[in-house]
1. Here's a check for you: in the stretch 252-290, which residue that is over 32 Å from the mean Cα position of the chain (by Cα) and not in a helix (DSSP H, G or I) is farthest from Y315 (Cα to Cα)?
2. Can we say E295 is in contact with a helix residue (DSSP H, G or I) (Cβ under 7 Å, 6 or more places away or on another chain), open to solvent by 40 Å² or more (accessible area, probe 1.4 Å) and among the acidic types (D, E)?
3. Name the residue that is nearest to G278 (Cα to Cα), counting only residues in the stretch 382-394 that are free of Cβ contacts under 8 Å to residues at least 24 places away in the same chain and open to solvent by less than 60 Å² (accessible area, probe 1.4 Å).
4. Looking only at the stretch 224-237, filter to residues that are in contact with a Phe, Trp or Tyr (Cβ under 9 Å, 6 or more places away or on another chain), open to solvent by less than 60 Å² (accessible area, probe 1.4 Å) and assigned to a helix (DSSP H, G or I); which one of those is nearest to A160 (Cα to Cα)?
5. What number of residues within the stretch 174-216 are touching a His at 6+ places or on another chain (Cβ under 6 Å) and under 15 Å from V363 (Cβ atoms)?
6. Check whether at least one residue in the stretch 191-214 is hydroxyl-bearing (S, T, Y) and open to solvent by less than 20 Å² (accessible area, probe 1.4 Å), and report yes or no.
7. Hey, among the residues in the stretch 340-368 that are more than 20 Å from K187 (Cβ to Cβ) and among the β-branched types (V, I, T), which one's modelled with the lowest pLDDT?
Amino acid sequence: MQNDNIVKLIQPGAVSDPLTEILRNGAQALLVQAVEVEVADFLAKHGDLKTGDGHQRVVRQPRVRDREAGADDPERIRFTPAILPPYARRSKSLEMPTPILYLKGVSTGDFEEALAALPGKDAPGLSASTIARLKEVWIDEHERWQKRDLSARRYVYVWADGIHLQARLEDDKRCILVIIGATPEGKKELVGFTDGARESAHDWRELLLGLKRRGLTMAPELAAADGALGFWKALGEVWPSTREQRCWVHKTANVLNKLPKSQQPKAKRALQDIWMAGTRNDAEASFDAFIETYELKYEKAAGCLKKDRGALLAYYGFPAEHWKHLRTSNPIESTFATVRHRTIRSKGCLSNKTALAMVFKLVEGAQKSWRRLDGHNQLPKIVRGVKFTGGLEVAARPEAPQARFAAA
């Protein structure tokens, strides 16, 4: 018997947290952009210098070099980035400021203060003008993404939600309207991302119509979201053929809120029996049992569940492999749970444009690690119009001989 009490510690670079990888990649991209800005400023500074034959003296081809002076000439003009000193390969504090850069970034002062943790506060590459230009790059990237062509895209399923973050916006009542879609290949993509009011049908309609105008004309087969009436009203107007699936996580919370705490644990298990049932018949039976149990004494709780019966069980009309993806709006909730954790209340308020750009950059990186849907081989069947009942494919009925003869 061994009595060793030696514990192996996590080694540097061994962290497998997906968000840490996103932040690390974001920081690297940020440094590349900062150096590019510094190179541009350096070239502009020496733009009036000419060689003996009249050509530009300091050029970039592809490295910055002085074409007039030799390699050993003491008068040679050299470029050394201030933000990345010579031989610097990694900064121990590289990852920590990134959430602040993307989400706390209320002003250039905040960016400068956060970035100073990398090479030091005296680094000239971290001037206020440089930081402002970098922030404009992120805003431009978000605006270009909002105008991208969607005519070649198709989404079989979509998930929608309105996300409230801790970062303060110009109007605390505003939130971020998010739509994530599943392609016929089973990949999840960020489809819609803008600010608005969660319950506003007008804001949701504007987002959906914007997607449609840019080419997303094929309606999704199913949309999963919570009970926000604004989204469902807009969906019915823009994509009326899309089936509705209410999120079971939100519905469970809504029902439990209408019950006393003493009843909540048992009721929660009863609700799970419904949406975790292996067949629709079992789900229907558990649904009826819940209504029968609680309707007499807790009418509001039973009514909250009862009114959305069809929309809560819509996923049974799709492949069984997809049920766990369709029952909730978890693809959005899981992504933004980490975003919420990384956002902090700042002294001032972020403009809507800046806040959207900062959160967009983080979500854009996060989608690189989104898992593909299980049973993705079933998605092309749905696109072709194959029907599913109870999670199983419905075989097409052979044409009757009489029908064939009549047709002839």
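1. For the stretch 252-290, the residue satisfying everything is P260.
2. On the way: in contact with a helix residue (DSSP H, G or I) (Cβ under 7 Å, 6 or more places away or on another chain): yes; open to solvent by 40 Å² or more (accessible area, probe 1.4 Å): yes; among the acidic types (D, E): yes.
Criteria met by E295.
3. V386
4. Going through the stretch 224-237, the residues in contact with a Phe, Trp or Tyr (Cβ under 9 Å, 6 or more places away or on another chain) turn out to be 224-225, 228, 230-235.
Filter once more, keeping what is open to solvent by less than 60 Å² (accessible area, probe 1.4 Å): 224-225, 228, 230-232, 234-235.
Subsequent filtering for residues that are assigned to a helix (DSSP H, G or I) retains 230-232, 234-235.
Numbers: G230: 11, F231: 8, W232: 10, A234: 12, L235: 10 Å.
Per the stated criteria, the residue is F231.
5. So in the stretch 174-216, the residues touching a His at 6+ places or on another chain (Cβ under 6 Å) come out as 175, 186.
This time we only want the ones that are under 15 Å from V363 (Cβ atoms), so: 175.
Final tally of qualifying residues: 1.
6. Applying the first criterion (hydroxyl-bearing (S, T, Y)) to the stretch 191-214 yields 194, 200.
Among the residues that remain, those that are also open to solvent by less than 20 Å² (accessible area, probe 1.4 Å) are: none.
No - not one qualifying residue is present in the stretch 191-214.
7. Across the stretch 340-368, the extreme among qualifying residues is I344.
Residues are listed down the side, and each one gets a yes or a no for (1) under 30 Å from L373 (Cα atoms); (2) buried (at least 20 other Cβ atoms within 10 Å of the Cβ); (3) at pLDDT 80 or above; (4) among the β-branched types (V, I, T):
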site	(1), (2), (3), (4)
F111	no, yes, no, no
D122	no, no, no, no
R133	no, no, no, no
S151	yes, no, yes, no
Y157	yes, yes, yes, no
D171	no, no, no, no
I176	yes, yes, yes, yes
K187	yes, no, yes, no
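The values are calculated or read from the model by the stated rules, or taken from the named source; none is laboratory data. Note that the structure is a prediction, hence the values are computed from the model and not measured. Don't worry about glycine lacking a Cβ; one is built from the backbone with ideal geometry, like all the others, and counts go over all protein chains shown. Quick note on the areas: whole protein, heavy atoms, side chains included, nothing else; ligands and nucleic acids left out. Shrake-Rupley method; radii C 1.70, N 1.55, O 1.52, S 1.80 Å.
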